[in-house]
């Protein structure tokens, strides 16, 4: 999501330029020999994704297009290998939900990662809420031990993983925690404090939440 936001800013910034400095925002299609798109598209593991990567640009083609783009007197260009119809079909098949499902499948394969690579010392959970979040994070990220002060992002979290892990946390506590809350409270301890405040304001314990899933609380 941060990547998308950065690209939107770049597009609008280029279009807003009125000075003499030339600026062109290029919306690139897939480069099949390098780039982040290779990994991202292969993760979907769909027929359209496989077809898309096969017909992607070579490095030589990309450089030729770059030279031509810089000669154009326009602030924004879109480079597409596929037809418009094919691009629409690809977007419809490879949705956010599809990406989240893939993230969940990949998390199952991660087991017993060594926390020695983490920068924070391990600290055990002190409350029931912290313990429940710890169980979710350990199972999701594959670490033997996740401490209450370990950062979601240092553990490998990103926006897609946040969507997936929030589904599990919201189900466990019957809450509606959003991405902003997780990004702002990116450790088990900070997130648990917010959840405990929400639960206490409704006089419902984490155990009661498991027995009664009728109420929804939005942080």
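Points worth noting:
- Filter result for the condition that a residue is in the same structural domain as residue 87 (by TED's automatic domain parsing), at pLDDT 85 or above, farther than 18 Å from residue 58 by Cβ and exposed (fewer than 13 other Cβ atoms within 10 Å of the Cβ), over 16, 6: 16
- Unmet criterion (only one of (1) touching a helix residue (DSSP H, G or I) at 6+ places or on another chain (Cβ under 8 Å); (2) at pLDDT 95 or above; (3) surrounded by 16 or more Cβ atoms within 10 Å (Cβ to Cβ)) for residue 187: (1)
- The number of residues in the range 190-209 that are more than 26 Å from the chain's Cα centre (by Cα), surrounded by fewer than 17 Cβ atoms within 10 Å (Cβ to Cβ) and modelled with pLDDT of 65 or more comes to 4.
- Among the residues of the range 125-143, just one is out of contact with any helix residue (DSSP H, G or I) (no Cβ under 7 Å at 6 or more places or on another chain) and either more than 17 Å from residue 168 (Cα to Cα) or not assigned by TED's automatic domain parsing to the domain that holds residue 190 (or both), namely 126.
- Filtering the range 138-181 to residues that are within 12 Å of the chain's Cα centre (by Cα) and assigned to a helix (DSSP H, G or I) leaves 159, 160, 161, 162, 163, 164, 165, 166, 179.
- Residue check, residue 65 closer than 18 Å to residue 26 by Cα, at pLDDT 75 or above and not assigned by TED's automatic domain parsing to the domain that holds residue 165: yes
- Filter result for residue 39 (at pLDDT below 80, exposed (fewer than 11 other Cβ atoms within 10 Å of the Cβ), farther than 21 Å from residue 160 by Cα and not assigned by TED's automatic domain parsing to the domain that holds residue 193): no
- Pairs, first under 22 Å from residue 18 (Cα atoms) in the range 56-76, second assigned to a helix (DSSP H, G or I), C-beta under 8 Å, six or more apart: 75/14; 75/15; 76/11; 76/14; 76/15
- Failed criterion for residue 173 (all others in (1) at pLDDT below 90; (2) surrounded by 17 or more Cβ atoms within 10 Å (Cβ to Cβ) hold): (1)
The values are calculated or read from the model by the stated rules, or taken from the named source; none is laboratory data. Note that the structure is a prediction, hence the values are computed from the model and not measured. When we count neighbours, we look across all protein chains shown, and the Cβ atoms used for this are built from the backbone with ideal geometry, even at glycine.
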